[in-house]
1. For the range 1-58, which positions are in a helix (DSSP H, G or I) and among the polar types (S, T, N, Q)?
2. List the residue pairs whose Cβ atoms are under 7 Å apart, where the first residue sits in the range 6-31 and is more than 22 Å from P42 (Cα to Cα), the second is among the hydrophobic types (A, V, I, L, M, F, W, C) and not in a helix (DSSP H, G or I), and the two are 6 or more positions apart or on different chains.
3. Every residue in the range 72-84 that is touching a residue at least 24 places away in the same chain (Cβ under 8 Å) and surrounded by fewer than 22 Cβ atoms within 10 Å (Cβ to Cβ), please.
4. Can you name every residue in the range 74-118 that is within 22 Å of V26 (Cβ to Cβ) and assigned to a loop (DSSP other than H, G, I, E, B)?
5. Could you list, in sequence order, all residues of the range 85-124 that are of a type in the set (D, E) and surrounded by 13 or more Cβ atoms within 10 Å (Cβ to Cβ)?
6. Of everything in the range 57-76, what is of a type in the set (S, T, Y) and more than 25 Å from I40 (Cβ to Cβ)? Give them in sequence order.
7. When the residues of the range 44-71 are narrowed to those that are under 22 Å from A102 (Cα atoms) and free of Cβ contacts under 8 Å to residues at least 40 places away in the same chain, which ends up surrounded by the most Cβ atoms within 10 Å (Cβ to Cβ)?
8. Being within 25 Å of P116 (Cβ to Cβ) and in contact with a helix residue (DSSP H, G or I) (Cβ under 8 Å, 6 or more places away or on another chain) is the filter here, so list the residues in the range 41-65 that pass it.
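The numbers here are math on the coordinates, done by the rules we state, and not lab data. Note that this is a predicted model, so its numbers are computed, not measured. When we count neighbours, we look across all protein chains shown, and the Cβ atoms used for this are built from the backbone with ideal geometry, even at glycine.
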Amino acid sequence: AAELIHQAVYLSGAVLPASGENRGTVVVVGTRMRSLRDAIEPVAGVTAEPGYTTDVDITDRTAGTQGLLDAVHGVTVELRRAVNSVAAEDRAVTAMWCALAARSEAALEDLLGEDPSAVSIRGE
């Protein structure tokens, strides 16, 4: 999950210049992903590698938003899976981060003109 979180953090900054009127949502999603990264990095011990790049077309607002959505979705999936594998005392916190990622997904879907309520269970 750590690599996916680093990807989402990177993309949130990379797509920002082309985000236009979607800038506020992209900033919120990026802040959430950075908060998650900062919370798990000491535990996971996985830091972002220098020179990170992406294949996402960050100059196109729609492609950039879709790329960020894909990255955040990957984070949601991994966190949802982790809820059942972490220690009992960590489940509530893991579920909270999963919910935060899921809300970020919904916000990005809305930017893309998709209906966020069409997804009944996030993280699958």
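1. Pass one, the range 1-58, residues in a helix (DSSP H, G or I): 2-14, 16-18, 20-44.
Listed by number, the residues that qualify are Q7, S12, N22, T25, T31, S35.
2. A14/I58; V15/I58; A18/I58; V26/V15
3. Filtering the range 72-84 down to residues touching a residue at least 24 places away in the same chain (Cβ under 8 Å) leaves 72-82.
The answer is G74, V77, E78, R80, R81, A82.
4. L112, G113, E114, D115
5. At the first step, the residues of the range 85-124 found to be of a type in the set (D, E) are 89-90, 105, 109-110, 114-115, 124.
Hits for the range 85-124 are D90, E105, E109, D110, E114.
6. Within the range 57-76, the first condition is being of a type in the set (S, T, Y), and the residues that meet it are 59, 62, 65, 76.
Result: T59, T62.
7. D70
8. Taking the range 41-65 first, the residues within 25 Å of P116 (Cβ to Cβ) are 54, 56-58, 60-65.
The answer is T54, V56, D57, I58, D60, R61, G64, T65.
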